[in-house]
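The values are calculated or read from the model by the stated rules, or taken from the named source; none is laboratory data. Keep in mind that this is a model prediction, so the values were computed, not measured. Every residue, glycine among them, receives a Cβ derived from its backbone with ideal geometry; neighbour counts consider all protein chains shown. Accessible surface areas use protein heavy atoms only, side chains included; no ligands, DNA or RNA. Shrake-Rupley method; radii C 1.70, N 1.55, O 1.52, S 1.80 Å.
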Amino acid sequence: MQTPPQTMRAVLLTGNGGFDRLDYRDDVPVPRPKAGEVLIRVGAAGVNNTDINTRTAWYSKAVTEGTTSAGGAGGFAGARTEDAGWTGTAPAFPRIQGADACGRIVAVGTGVDPARIGERVLVEPVFRSPAGGDPYRATYFGSECDGAFAEFAVAPAAHAYRIESALSDAELASFPCAYSAAENMLTRAGLRAGKTVIITGASGGVGSAAVQLAKRRGATVLAVAQASKAANALSLGAARVIPRDAGLVAEVGREKVDVAIDVVGGEAFPQLLDLLRRGGRYAAAGAIAGPVVPLDLRTLYLKDLRLVGCTILEPEVFGNLVRYIERGEIKPVIASLHPLSAIVAAQQEFLTKQHTGKIVLLPAA
């Protein structure tokens, strides 16, 4: 294994705002792994909503609209820097973003077995607190620490999972963030075989992952997506596709669904609760159509519903995901590939919301 160079190509996020805040450089120092960490040569990195949401300050409570193309391009008017991170605090700049990483370990810090050098790994993007700490506080890869939009990245050894797969780096990089978010929602919602689940945003990264993972569990999947993308959702395991502009109650009927998996929010939120059977469960990990929604508390308590927010991964989720990949139980869905230097074009494509699956960046291209 070659000694890592002193500098690397990387994209620095220099502050909140538009695309001009993304600074592609070729002179960024290569990080060095500290105790308990590994250094990874990044083969591929996926693009996610959180990359754009952080850049544009969408997480600020002052922003009440959805993740629009205009806001994603230039930033959101009125957003506050002081609460613009997903944790409700101010982000630190400059930051190398990128929550998805597939690559190989090229160096290790003290306390890590040197035999791990050369391992092919996927990075679990949510670094949980140490044992005994607050289980709902974590460091997010590419948000509170530097991430995968670079030729090299460091991560805790415990969160760099060895993987044995014939899939390409780009295909493997499509899994970590979207599929772990989807599997986490299904896990917390307790979706089981024989149950019916409705999944919003079913053509996006998390939504298309949730379709596959719910089908893997033996559930009947109702997918909400653009009519033009119905064939893709059906190919991933959906039993039925509902056009996203259709009335959900009219299409499905009241109290016909056991679990709702939602990354969209917005105006459709109350209808999702109407679809749920009594004792049903709603899980959310996104709000691309709008974060502020109406809630009739009578619907919540009279139907004995459970509403669950999902960000920090349950401890078993990522290890399970790696095993699903290795056994070929789920497949990657790639929308397009871009060199890291074309990150603006990749995010522009992402913001059109016309793609199915993941947009992936290649640092070495």
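Residue count for the stretch 17-45 satisfying the condition of being touching a Pro at 6+ places or on another chain (Cβ under 9 Å) and hydroxyl-bearing (Ser, Thr, Tyr): 0. Checking each residue in the stretch 23-68 for being polar (S, T, N, Q) and more than 18 Å from residue 94 (Cα to Cα) picks out 48, 49, 60, 64, 67, 68. Taking the stretch 72-96 as the range and being touching a helix residue (DSSP H, G or I) at 6+ places or on another chain (Cβ under 6 Å) and open to solvent by less than 10 Å² (accessible area, probe 1.4 Å) as the test, only 72 passes. When the stretch 1-26 is limited to residues that are touching a Leu at 6+ places or on another chain (Cβ under 9 Å) and either without any contact (Cβ under 8 Å) to a residue 60 or more places away in the chain or among the β-branched types (Val, Ile, Thr) (or both), the one that is nearest to residue 149 (Cα to Cα) turns out to be 11. Taken over the stretch 128-142, the criterion of being within 20 Å of the chain's Cα centre (by Cα) and modelled with pLDDT under 95 is satisfied by 128, 129, 135, 136, 137, 138, 139, 140.
The number of residues in the stretch 302-327 that are over 23 Å from residue 172 (Cβ atoms), open to solvent by 70 Å² or more (accessible area, probe 1.4 Å) and in a loop (DSSP other than H, G, I, E, B) comes to 1.
If I filter the stretch 43-62 for residues that are part of a loop (DSSP other than H, G, I, E, B) and more than 19 Å from the chain's Cα centre (by Cα), do I get at least one hit?
Yes, there is a match, as at least one residue in the stretch 43-62 is part of a loop (DSSP other than H, G, I, E, B) and more than 19 Å from the chain's Cα centre (by Cα).
Here the helices (runs of 4 or more DSSP H) wholly within the stretch 182-252 that include at least 1 residues being open to solvent by 10 Å² or more (accessible area, probe 1.4 Å) and within 20 Å of residue 324 (Cα to Cα) are 205-216, 230-236. Applying the condition of being within 20 Å of residue 10 (Cα to Cα) and in a strand (DSSP E or B) to the stretch 99-120 and asking which residue is nearest to the chain's Cα centre (by Cα) yields 102. Scanning the stretch 97-112 for residues that are open to solvent by less than 50 Å² (accessible area, probe 1.4 Å) and not small (Gly, Ala, Ser) returns 97, 100, 102, 105, 106, 108, 112.
Starting from residues that are touching a Lys or Arg at 6+ places or on another chain (Cβ under 7 Å) and in a loop (DSSP other than H, G, I, E, B), keep the ones in the stretch 328-361 and report whichever is least open to solvent (accessible area, probe 1.4 Å).
Ranking the qualifying residues of the stretch 328-361, first place goes to 330.
Contact map, the stretch 308-326: residues that are farther than 18 Å from residue 190 by Cβ paired with residues that are surrounded by fewer than 16 Cβ atoms within 10 Å (Cβ to Cβ) and at pLDDT 95 or above, Cβ distance under 6 Å, separation 6+ or inter-chain. Pairs shown: 326/164. If we scan the stretch 150-160, do we find a residue that is at pLDDT 95 or above and acidic (Asp, Glu)? Yes, the stretch 150-160 contains at least one residue that is at pLDDT 95 or above and acidic (Asp, Glu).
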